[in-house]
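The structure under discussion appears below in the form of structure tokens.
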Amino acid sequence: MRGIAAFVALIAATPLPAQAPPVTPQRTIDWAALPPLPLREPPRMIPAMSQFVLREVRARRCPLPPHTPAGWRLRVELAVLIDEEAEVRTIIPRAINCPAVEQYAVGLVASFARANLSPRAGGVAQWYQTALEFGGR
């Protein structure tokens, strides 16, 4: 029991490190310069995916997407970091003022990329871009 008490006293006496300042991006993403995400098979969008987005819009959690004669369309662009081992490391959505749909798109892209990336030469980490388009009538 004495060892535990000494350990607790040591932890209590140890000063906490200073809080690190929030991380801020040093530069913005040049979306046009990123190569397309190398998928072997293109993503297969199903109506339920767009229905989720439509529910978010109807609940006023997202801005109203543009409506055309073909129906409404909402596009989410994403930057994807593929690591040296050809695994998705990070996905950053381009802000569309709808966090739920942005994060939904991140999850979909992670799922679409799983075991679906084309072989790459070099074996180095690299950023790519992709986009998902949701829509309906």
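Annotations
- In plain terms, the residue of 28, 130, 68 with the fewest other Cβ atoms within 10 Å comes first and the most crowded comes last, giving 28, 68, 130.
- Taking amide H as placed 1.01 Å from N in the peptide plane, residue 94 has its amide H under 5 Å from the amide H of 77, 78, 79, each at least 5 places away in sequence or on another chain.
- With both labels modelled 7 Å from their Cα along Cα-to-Cβ, the residue 85 to residue 124 distance reads 2.1 nm.
- Selection among 132, 69, 96 by position relative to the dipole of the stretch 38-136 gives 69 as farthest towards the positive end (Cβ unit charges, Cα centre).
- Segment residue 59-residue 33, length gained on full extension (0.36 nm per residue, minus Cα span): 5.9 nm
- Taking other C-beta atoms within 10 Å as the exposure proxy, 118, 50 rank 118, 50 from fewest upward.
- Overall size of the stretch 22-121 from C-alpha positions, given as principal axis extents largest first: 43, 37, 22 Å.
- Spin-label pair residue 92-residue 41: with each label point 7 Å from Cα along the Cα-Cβ axis, the two points sit 3.1 nm from one another.
A short reminder: the numbers here are calculations on the coordinates, not readings from a lab. If you're wondering where the values come from, they're calculated on a predicted model, not measured in any experiment. A quick note on method: Cβ atoms are made from the backbone with ideal geometry, for glycine too, and the neighbour counts reach across all protein chains shown.
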